[in-house]
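Engineer: The structure that follows is given in the form of structure tokens.
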Amino acid sequence: MDFKIAVLPGDGIGPEISVQGVDVMSAICEKFGHNVEYQYALCGADAIDKVGDPFPEDTFKTCLWADAVLFSAVGDPKFDNNPNAKVRPEQGLLAMRKQLGLYANIRPVETFDCLLHMSPLRKELVEGADFVCIRELTGGMYFGEKLEGDDRAYDTNAYTREEVERILRVAYSYARRRRKHLTVVDKANVLASSRLWRKVAQQMAPEYPDVTTDFMYVDNAAMRMIQDPRFFDVMVTENTFGDILTDEGSVISGSMGLLPSASTGEKTPVFEPIHGSWPQAKGKNIANPLAQILSVAMLFEYFDLLEEGALIRKAVNASLDANVRTPEIQVPGGATYGTREVGAWIVDYIRKA
Ligand code: IPM
Ligand code: MN
């Protein structure tokens, strides 16, 4: 296949992990005979500093040109404590999601056997946990009508039937390919928007008789996720709840640095780690590149190139088994490897495979 890839490194540790993702992409393409062409584009605080817009028109055009976007991270502390900032890096990410119509965010939560002890949860609880959170990504409070006054402010959690139905279809298709269990997470005891979600899901469930559909309030789901994560197979939820629950999910894996995600919908799909820009680690060569590298695996799998994806996963597992790990997951007394060293080890493994 001929790949056109838009690379959006962004802020903080973004540029460092981006390089590792691109190197892995290139190594796989070389091995499997794919052509790949990259175009780099600005986003986030970097784009605000350079052109005054966190998702400039040129970046949008580059995304439309591409078959897929490899995105890293955005965010900068100089905006975090300034509620008066006119424009924020995160708006670039939201603009990208909205303009590309990326309504379905796929966030798998998996465990790695050799990292089970890293989870703050007991090993016997997390062992074998394997679920996917399907987060709605272009609706809800993130995009609803807002008021930001000095004495009064609100965000509106609006959803239409059409928005709910299309994300549920994505969730059901995942459930069908997995263990056929879908949990719809909402707050239907309080929120009108959640009652719409529940109504639409109840109406659709009979179309998927092979899938068990159950419903769970989000507060209860947050608890169940750490009490009994193996309960879940596919979970589907609105934008805000999905944001919160997937950070919680990363704890099950033992590190935020391990979880990739795919955002898909109408236009070019985006592959990105679920973690943020970790500004404190910028330039220190300590950020874990695995979430970015696993996003590249998701990219190939999206195009049905399963062997390519599988080789990346094998290489990642091999690096963990060989204790070639960044500091936050290194075993006591293990050698020191940085972002670059872990990436280079994985590229080398792929070349020799
Ligand atoms: C995520 C992030 C973003 C979100 C931020 C950076 C806007 O936390 O992708 O989960 O809230 O969606
Ligand atoms: Mn988040």
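The values are calculated or read from the model by the stated rules, or taken from the named source; none is laboratory data. Everything quoted here is computed from the prediction, not taken from an experiment. Heads up, the Cβs are rebuilt from the backbone with ideal geometry, glycines too, and the neighbour counts pull from every protein chain shown. Surface areas here come from the heavy atoms of the whole protein model, side chains and all, with no ligands, DNA or RNA. Shrake-Rupley method; radii C 1.70, N 1.55, O 1.52, S 1.80 Å.
Engineer: Within the group 287, 297, which residue is modelled with pLDDT of 95 or more, more than 16 Å from ligand 2 (Cβ to nearest atom), small (Gly, Ala, Ser) and not in a loop (DSSP other than H, G, I, E, B)? Write out each step before concluding.
Structural biologist: Values: 287 fails: not in a loop (DSSP other than H, G, I, E, B).
Within the list 287, 297, the selection yields 297.
Engineer: Name, by its number, the condition in (1) exposed (fewer than 15 other Cβ atoms within 10 Å of the Cβ); (2) in contact with a Ser or Thr (Cβ under 8 Å, 6 or more places away or on another chain) that does not hold for residue 336.
Structural biologist: Only one criterion in (1) exposed (fewer than 15 other Cβ atoms within 10 Å of the Cβ); (2) in contact with a Ser or Thr (Cβ under 8 Å, 6 or more places away or on another chain) is unmet by residue 336, namely (2).
Engineer: Going through segment 49-63 one residue at a time, which ones are open to solvent by 30 Å² or more (accessible area, probe 1.4 Å) and either in contact with a strand residue (DSSP E or B) (Cβ under 7 Å, 6 or more places away or on another chain) or farther than 24 Å from residue 19 by Cβ (or both)?
Structural biologist: 52, 53, 57, listed by residue number.
Engineer: Report yes if residue 126 is within 16 Å of ligand 2 (Cβ to nearest atom) and in contact with a Ser or Thr (Cβ under 7 Å, 6 or more places away or on another chain), otherwise no.
Structural biologist: no
Engineer: Here's another thing I want to ask about it. Taking residue 151 as the residue in question, decide whether it is more than 22 Å from residue 265 (Cα to Cα), open to solvent by 60 Å² or more (accessible area, probe 1.4 Å), in contact with a strand residue (DSSP E or B) (Cβ under 7 Å, 6 or more places away or on another chain) and at pLDDT 95 or above.
Structural biologist: Numbers: more than 22 Å from residue 265 (Cα to Cα): yes; open to solvent by 60 Å² or more (accessible area, probe 1.4 Å): yes; in contact with a strand residue (DSSP E or B) (Cβ under 7 Å, 6 or more places away or on another chain): no; at pLDDT 95 or above: yes.
No.
Engineer: Spot the failing condition for residue 96; the list is (1) away from ligand 1 (no atom under 16 Å from the Cβ); (2) buried (at least 24 other Cβ atoms within 10 Å of the Cβ), and only one is missed.
Structural biologist: Just one mismatch for residue 96, condition (1).
Engineer: Another question, if that's okay. Could you grab me the full set of residues in segment 317-353 that are assigned to a helix (DSSP H, G or I), within 17 Å of residue 19 (Cβ to Cβ) and of a type in the set (Gly, Ala, Ser)?
Structural biologist: Listed by number, the residues that qualify are 319, 343, 344.
Engineer: Shifting gears a bit: Within segment 78-103, can you find the residues that are touching a Pro at 6+ places or on another chain (Cβ under 9 Å) and of a type in the set (Gly, Ala, Ser)?
Structural biologist: 92, 95
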